[in-house]
Every structure is written in structure tokens, then in C-alpha cells.
Amino acid sequence: MECRICNTTLKRFLDLGRQPIANNFLANGDLTNETFYHLEVFFCPECYTVQIGDCPAKEDIFNEEYAFFTSTSEYMKRHFKMLADEIKEKYLPNNGFIVEIGSNDGTFLSNFREHSHLGIEPSRNVYKCARERKISCWNNFFDEELTDEIIEYCGQADVVVTTNCFPHMIDRDSVLKGIKKLLKPKGVWINEEAYLNNILNMTSYDQFYNEHIFFSSVASFRKTMSMYGMSLYAIEQVPVHGGSIIFYTSCTDHMPVSHFGLDYFESIENLDYFERFQIFAEKVKQKRKDLLNKIFPLKGDVVGYGATAKSTTVLNYCKIGNNLISKIYDTTPIKQGKLSPGMHVSIVPYYKFERDKPKNVVLFAWNHMTEIMEKENGRDINWILPI
Ligand code: TYD
């Protein structure tokens, strides 16, 4: 397989087997109609981008049934408010224009009601939610062609923001050309995503699923930006979603670049060393053994907390069904009463957690650990980490 960015032959380092669409929670009648794909993960030795191989069509993922709502986490709302405050202070003039690509239910843009703003969101259900909250948004996939329409109706942007969205967009070439065109000459693009280096360090293989097509490091992002005539000028690590990174990019060289900081990060990433990926793959196999060893002896007296997309990767890779985990509690209404993709574990509303008082709980939403531990503080629970 060839790199989607630079056409170099990719090196495969991980095979997570047959997987369903990660957020495709099923009503009982849908069980015979599931889409599966082969989840393999590759590294590009030329541009250093990590990417999955086979993946379902974007229209099968981002549609009327999209199950991810940003507003389900109070912690994420606070995080986005802080990012919004920084943007207002440093990058967005009072009469400025901000575009968020992948604006979901409008949680981030709700901080910009007093500014000219536009959200681009392909999933119709979450887009409608944002519209109900009076956020300006369009129900589209973002690409270079759409950029021309945005510019025609709204003009160029001072700031473009993508949070946990850029890795989802398979048409990376068109998206990057679009972002570059959309920005004013002194505009900036702020992109937050899970940081590859943390995934490798934490063996968080559950970050690999069909929505996350690309994974970036400082080395890969810097290389990709230079291929498109853009400049990565700064980065910031943030403790959300298991360790994320914010890439700050300008399309001209008007922002002073922190070369020393970027070089330092590249050196600790050490991505020239392919064995790093091979060691990671061995650790993933060990994680599977460890998890099964923890839950087998509990003979089905185990539940899950948070029906995350990540849990789909773990359940299907480890072949864990409702014989081992009886149910998963989740706060998202659209997931409740449904079955988990592939392994068909029941998803039940969170309020039942308080009533059932389960003892052994796999924390599938481990990326919200701080928030969840605060909420469940004082309960006698044997927490089990899935990774
Ligand atoms: P998310 O963080 O989006 O992970 P992924 O991208 O892997 O889907 O999903 C978190 C899920 O956990 C979401 O379905 C809501 C649920 N959740 C709870 O049930 N309780 C909580 O306290 C929190 C924070 C999340």
C-alpha cells in the first residue's frame, strides 16, 4: 500500500483484524447488516505519517446516525472554552472570522457567538443540534471545492480550527489545499489531535479505528506542512483524549517558528527507528493477554463504562462479547438501548449504574478518567483499564 500523502510504499506494523465501523451502534434488527473492514496500521518511512489501510466510505460514518456528541463531556467543554479564550486573545480580531471544520454539535463555536463564525459538519444529526443552538454551520464535507463557496459567501478566515477532525479526513490533499486557500495571508490554522508519540508510549492501540485514518507526530506534521508551503510554528501538548497535541500553522512565514522546540520533539519521537513500531505491536498483543487474564476469572461479572469508539477496537480485537462483559453504561442517548458494533454487548443508560452498583468495571472511556473518577469518587469499584 502507498502513502496517501507522498505515495511512498508503507510499512505495516499492526494488524487488529476484522473490525466493524467503530461508532455504528446497532438496534436489534440491524445485526445481519453490519459492515466490516480489515484494520491494519502502517508507517510511512518518507513523510512519517502513520495511517490505517482499508477503511469504510466516509458517507457510511458521518451521516444522520453519527454517535459522537462533543457536549457529553463537561471536561471537554471547559477545555474548548480555554482554547477559545486563547484564540480570541491572540489570533482573532473583534471583526475577525473563524471557521471550525468538524464542528459537531457546536460546543466549540458556542464560545464565538459574538464573532463571525462558521462550522462545517458532515453528520446531519450533530449539525442539526448546532443549528438548534443558533450556531452558523453548513452540513457538508470540507474540501477544496467547498472552500471556494465559503470564500464566496463569507470571505477568507483569520482562524481555522480543527479538533479531533483532521485525522478523519481521507482527502487530505484537497483538505490541506482548502485550508491554505481559506486562510487570510496572516491567518492561522489550529489543529488538535491525539499525539502519536503518546499512543506509542501508552500502547493505546484503541485509538486505531476507522474514523482515525491518519496519526501525526511533530516530525510528520512539519514535513507535511512544508510539502504544502505552510509552516508549523508552534505546538502545545494538552492532557485530553489520552494525550493530545495542538499544531499551530501559518500559511506564510509571518509567525516566528520555535525551531528549537520542534527539533527537540522530533528527537524524542525517534521515528527513524522502525523497531519502535515493532516493539509497540508486541506490547499490543501483551495488552490483549493482560485484559483477558483480568476478566476471565470474573466469569461475566464485569461491566463496561463508556461505549467509546475505542471500545469497539478493544472488544473486537480481544473477541470480548456479552459472555465476558454483560453491559456497557453510557450517557449518550443515541447509543443507549443499542448493541456495541461487532461483539453486540448491550449499551444501557448511565443512570442504571448508580442503581446496579457493579463491582468490576472496565473503563473504556479512560480518556475521561479525571472527570469520571471525580464523579464516581467514594464507590467501591475494581476499575480495569482496557489498554
Ligand atoms: P469519547 O471520548 O468520544 O471516545 P471515542 O472517541 O473513543 O468515542 O467517548 C466517550 C464516551 O463515554 C461517550 O459515549 C460518553 C461516555 N461517557 C460516559 O458515559 N460518562 C462520562 O462521565 C463521560 C465523560 C463519558
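Numbers at a glance
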quantity: Protection proxy ranking of 307-314, 11-18, 350-357 - average other beta-carbon atoms within 10 Å, highest first; calculated: 307-314, 11-18, 350-357
quantity: Local electrostatic count, Asn140, Cβ distance below 10 Å [Lys/Arg +1, Asp/Glu -1]; calculated: -4
quantity: The stretch 1-146: antiparallel DSSP beta bridges as a percent of all, rounded to 5; calculated: 60 percent
quantity: In range of the label at Asp54: residues from the stretch 213-235 whose backbone nitrogen is under 19 Å from the point 7 Å along Cα→Cβ; calculated: 213-214
quantity: DSSP-defined beta bridges in the stretch 265-387 - what % are antiparallel, rounded to 5; calculated: 10 percent
quantity: Kirkwood Rh in Å, taken over all unlike Cα pairs in the stretch 184-266; calculated: 13.4 Å
quantity: Student exercise, the chain dipole from Lys, Arg, Asp, Glu Cβ charges, in Debye to nearest 20; calculated: 1120 debye
quantity: Difference of contour (0.36 nm per residue) and Cα-Cα distance, Leu385 to Asp263; calculated: 40.6 nm
quantity: log₁₀ of I(q)/I(0) at q = 0.16, 0.17, 0.19 Å⁻¹ - the stretch 273-387, Debye sum with one point per alpha carbon; calculated: -0.73, -0.81, -0.99
quantity: Shape box of the stretch 295-358 [Cα atoms, principal axes, largest first, Å]; calculated: 27, 23, 15
quantity: Glu114 versus Asn270: modelled label distance in nm, points set 7 Å from Cα along the beta carbon direction; calculated: 4.9 nm
quantity: Counted charge near Gly242, where neighbours are those whose Cβ lies closer than 12 Å (Asp, Glu -1; Lys, Arg +1); calculated: -1
quantity: Positive dipole terminus of the stretch 1-159, leading residue within Ala57, Ser73, Phe97 (C-beta point charges); calculated: Ser73
quantity: Burial ranking of peptide ranges 96-105, 127-136, 270-279 (average Cβ count within 10 Å, highest at the top); calculated: 96-105, 127-136, 270-279
quantity: Pairs from Lys283/Lys375; Lys352/Lys375; Lys310/Lys357; Lys88/Lys186; Lys289/Lys310; Lys299/Lys338 whose Cα-Cα separation, in the structure shown, is over 21 Å; calculated: Lys283/Lys375; Lys310/Lys357; Lys299/Lys338
quantity: Accessible surface of the chain, 1.4 Å probe, proportion on carbon and sulfur as whole %; calculated: 49 percent
quantity: FRET efficiency, Asn33 to Glu376 (Cβ-Cβ, R0 25 Å, nearest 0.05); calculated: 0.10
quantity: Net charge of Cβ neighbours under 12 Å - reference Tyr66; Lys, Arg +1; Asp, Glu -1; calculated: -3
quantity: Euclidean distance between Cα centres, the stretch 172-192 to the stretch 1-75, Å; calculated: 24 Å
quantity: Positive-end residue, the chain charge dipole about Cα centroid, Cβ charges, pick of Leu39, Asn28, Phe221; calculated: Asn28
quantity: Cα point-scatterer Debye curve for the chain, base-10 log of I(q)/I(0) at q = 0.08, 0.10 Å⁻¹; calculated: -0.41, -0.65
quantity: Long-range HN-HN contacts of Ile328 with modeled amide H, under 5 Å; calculated: Gly304, Ser346, Ile347, Val348
quantity: Sequence-separation-based contact order of the chain, relative, with Cα cut under 8 Å and 6+ spacing, percent; calculated: 16 percent
quantity: Residue among Phe247, Asn322, Met82 farthest towards the positive dipole end of the chain, charges placed on Cβ; calculated: Asn322
quantity: Estimated FRET transfer efficiency (Arg18, Arg355; beta-carbon r; R0 45 Å; 0.05); calculated: 0.80
quantity: Cα-based convex hull, the stretch 263-329, per residue volume (Å³, whole number); calculated: 111 Å³
quantity: Antiparallel %, DSSP beta bridges [both residues in the chain], to 5; calculated: 50 percent
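The values are calculated or read from the model by the stated rules, or taken from the named source; none is laboratory data. No experiment lies behind these values; they were computed from the predicted model shown. Ideal geometry is used to build each Cβ from the backbone, glycine not excepted, and the neighbour counts take in all protein chains shown. Protein only, heavy atoms only, side chains kept; ligands, DNA and RNA dropped before computing areas. Shrake-Rupley method; radii C 1.70, N 1.55, O 1.52, S 1.80 Å.
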